[in-house]
Amino acid sequence: MSGFAAHAALPEPVREGLARLRMDELYFVPVRHHSPACALALQAMLRELRPSAILIEGPDSFDALLPLLQDARTRPPVAILSQAQATPRDAEAGEDGGELPPAHSAFFPFCDYSPEWIALRLAPELGAATAFIDLPWDAPGRRHGAEDGAQDGAASLMAERYLAHSAYLKALAAASGCRDQDELWDHLFELRPAAGLRDWRGLFADVFAYCAMARADYEPEVLEAEGSLPRERHMAARIREHRARRHALPDSAAAGPIVVVSGGFHTIALQQMLAEADPASTPAKAARAKKAGVPPARDWLIRYSFDRLDALNGYAAGMPSPAWHQWVWDSARSAGGAPDLHAVAAEALTRLARRTREQGLAEQLSTADAQAALLQATRLAALRGHAGPGREDVLDAVRSCFVKGAADEGTAGFAADLRRFFGGSALGDIPPSSGSPPLLEDARRQAGLHGLRLDDSSPRTVRLDLYRKARHRQRSRFLHLMDYLGCAPGRWRSGPDFAAGSGLELLIEEWEVAWTPLVEARLIELAALGPTLAAAALARLRREQAALADQGQARSASAAVRLLTRACVIGLHPQVPALLSLLARHLDEDPDPASVIECAHQLLSLRRARAPLGMQDSPELGALLLRAWTAALYLLPRLAEAGEGQDLDAVRSLVSLRAFVRALPELLAPEPWIAALERLAQVDGAPAVASAAGALLFLDGAWDEETLGAALLPHFGPGASAGQAVRALSGMMAAAPELLLTLSRLRQEFDRILDAWDEQTFIAHLPDLRLAFAQLKPQETARLAGVLAQTHAGLDASLAEAHYAISEADLAAGSALQLALAECLARDGLTDWATGGAP
């Protein structure tokens, strides 16, 4: 494959750049991040040149972490997490007690085969100074967010989107018979023979030409706007500084060269900037960001994972299938400089077949299957001119030999398993001296106590028996606590929802759990809230409590009971007494009946789930239930004050209070409830509330049909306005929609009102009527239509069941035609004739 750089068709600037890969004491190393081929070549280069300094593309603020990066106890995959604090405006967004504003986060990852990692680890052995030279992440000119290759809200500081989007590389891939840029890269670089991998001069010359041609697709204005040129100017200035420092040494002539390791996309720009007049007398150095009230970015060394390094999972700088490249790298190390690709493929296929059998996957593979796939991969590699089976060769062989039937029929699960297998899930490790915040250490400790694996980021299903196992309840509280802080190591899938008061009959709670680098990144963001998870959650809970006043909920019983429930769910039980006292005060002061009724239901849920929520020893719950009941009865008359747009909310509150009464027959006597309903049904207030109250009295057996009809007569009888009738109907349908089907007198009265309306009145109230009748189930709607069809002379009940294949546009056109015809008849004096009147 060597000789790509010697191609005669390369433009003059690229050929000049090839000649400048060595500029006196400077050696430029253009790399692709996380490339084993580049890492092997760099390793050979450094051992041959024994440089005096190695300069690495990466924010120069990372220099403070060099001792940790070069610590023998640091084991990849790891990453530097750089966090720029939220601006004052962002911080204000979190003052309402909602989600805490996240810091702007970015990762700079390393794995065993990252060229940057090789440079960092070999430098002490060779006695070379090491420094990062890129622009700090929070410096002016540095871009945050999606343009940095954002992945799940966190940016990458190694984005290689330029290569993936290059028109030149796409054309080269097509001409080479490769499906995409990743396969092209493997074809040209990773799958060279051993001699080609050891020839670091030839390999880096080819990488330079490859990346320089990709850069030609981008205009300088684009590179300036998206931040590449400001970064390159900064890197060039830092290189000048180190070169001047070397020249100032007494023994500079005997000192080794300076090696500059950078993404291949930037190398040609660095060369061109350094070839200009050297401004060594005024070395440029970009200042850190100066944002009012915002501290500079902080950098942490954290553990990272293969799934976050996988380009197939959205990592813009990643190589696809990092586990595969790790196997290749391990083989190269054991073989003394070049991998045995045939052995790597054989081992991978054997492991894959064994895994399908051990895990009982749908596609279980035998040893014979693995042998057939290895033969296929070897032949494909020979056909494509590879030194041995590469990743795509092996994957193509797997698809050919392992997938039975059509590739798109029933193999989605196997494809996902295959992707996870070649992607890997390993987590790295960092020294205890790395300085993790106490909050992160507390979270790790508790995660270990609750059985979460911290060394593997593969998602696992966790099923918790909340009602019968105390240990499972503790684990659930830990997961909910982490979720409350916005750093849950997974997602809740099913089980009782105590906050919503639903699903309380379910015994099992299910989570999908995976400890990932984003969990630790978020914990670092929250470190200022407290040294422990409990302290951080308490700080947030107090913020929410204080924010109630700012939101106009200083006396809201429903808001107070939500805080109480949350405290129980996340395990902040020491705060329960204070929250119970707060709730008692709010029940005495809250003027909103809907809020008090919602509070009563939440207290009922707490009482029912007191075992999993740890409220068994809280006798205050029973007293608060009675207190909420008393407050709700006292405030119930306010529902009659509901305006036209508030009808349904008021009726829902009324129906909700009835459900509360029926749920506690042993505690609540029905007489006060019946008396309160009778007052509402007879009050001259909101028609929807009055009719709903009457319907509930009928359902509870306190009223008979005659009493109900008499109470509803003012709304449905003679003299009732159309608006009043529709509001009354909406209230009754929201409370007891079945009454219109079962009570013929009620149906007749309302039918009489509709019959008396003219067309304009009917159309004006049609939206409200449709909303009211939406309370019926489809079968009930059909039944009601049949009854009405039989009631009216000349209509056949079968019409109610007729279906016509007409569109909404057809209906609109028919309505327009009917109106036009009515206007013509009126203009000609034929309206009475058309309606059966006198000619």
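Based on the mean of other beta carbon atoms within 10 Å per residue, what is the order of 622-629, 518-525, most packed first? The partial results should precede the final answer.
On the way: 622-629: 18.9, 518-525: 23.8.
Ranked from most to least packed, the peptides come out as 518-525, 622-629.
On average, how much accessible surface per residue is there in the range 561-655, in Å², for a 1.4 Å probe, leaving out ligands, DNA and RNA? Write out the running numbers ahead of the final one.
Numbers: 4000 Å² over 95 residues.
With the other protein chains kept in place, the range 561-655 gives 42 Å² per residue.
Can you give the accessible area per residue of the range 486-549, in Å², using a 1.4 Å probe? Don't skip to the answer; put the middle values down first.
Numbers: 2410 Å² over 64 residues.
That works out to 38 Å² for each residue.
Suppose all protein chains stay in the model; what accessible area per residue would a 1.4 Å probe give for the range 689-767, in Å²? Before the final figure, lay out the partial values.
Details: 3360 Å² over 79 residues.
That works out to 43 Å² per residue.
Summarise the accessible area of the range 611-650 (1.4 Å probe, protein heavy atoms) by the percent that is carbon and sulfur.
Numbers: 1050 of 2040 Å².
Carbon and sulfur together cover 51 percent of it.
How far is it, in nm, from the label point at Trp492 to the one at Ala578 when both lie 7 Å from their Cα along the line to the Cβ?
2.3
List every residue whose amide H lies under 5 Å from the amide H of Phe132, counting only residues 5 or more places away in sequence or on a different chain, with H placed 1.01 Å from N in the peptide plane.
Here the answer is Ile56, Asp63, since their amide H atoms fall under 5 Å of that of Phe132.
What FRET efficiency do you get for Asp617 and Gln646 if R0 is 45 Å and r is their Cβ-Cβ distance, rounded to the nearest 0.05? Don't jump to the answer; show the numbers that get you there.
On the way: r = 40 Å, r/R0 = 0.90.
Using R0 = 45 Å, I get an efficiency of 0.65.
Provide the FRET efficiency to the nearest 0.05 for the Gln359-Thr761 pair, computing r from the beta carbons and using R0 = 45 Å.
Values: r = 68 Å, r/R0 = 1.51.
The pair Gln359/Thr761 has a calculated efficiency of 0.10.
Taking the mean number of other Cβ atoms within 10 Å as a proxy for protection, how do you rank 760-772, 650-662 from highest to lowest? Walk me through the intermediate numbers first.
Working: 760-772: 13.8, 650-662: 19.8.
Put in order of decreasing packing, that is 650-662, 760-772.
Take the solvent-accessible surface of the protein heavy atoms, probe 1.4 Å, and return the percent of it on the range 480-596 that carbon and sulfur atoms account for.
Numbers: 2290 of 4350 Å².
That fraction is 53 percent.
Taking only the alpha-carbon atoms of the range 432-525, what semi-axes of the equivalent ellipsoid follow from 5 times the gyration tensor eigenvalues under a square root, in whole Å, largest first?
On the way: eigenvalues 129, 33, 28 Å².
Result for the range 432-525: semi-axes of 25, 13, 12 Å.
The values are calculated or read from the model by the stated rules, or taken from the named source; none is laboratory data. Note that the structure is predicted; figures quoted are calculated from it, not measured. Using ideal geometry, Cβ is built from the backbone for each residue, glycine included, and neighbour counts are taken over all protein chains shown. The area values use the complete protein model at the heavy-atom level, side chains included, leaving out ligands, DNA and RNA. Shrake-Rupley method; radii C 1.70, N 1.55, O 1.52, S 1.80 Å.
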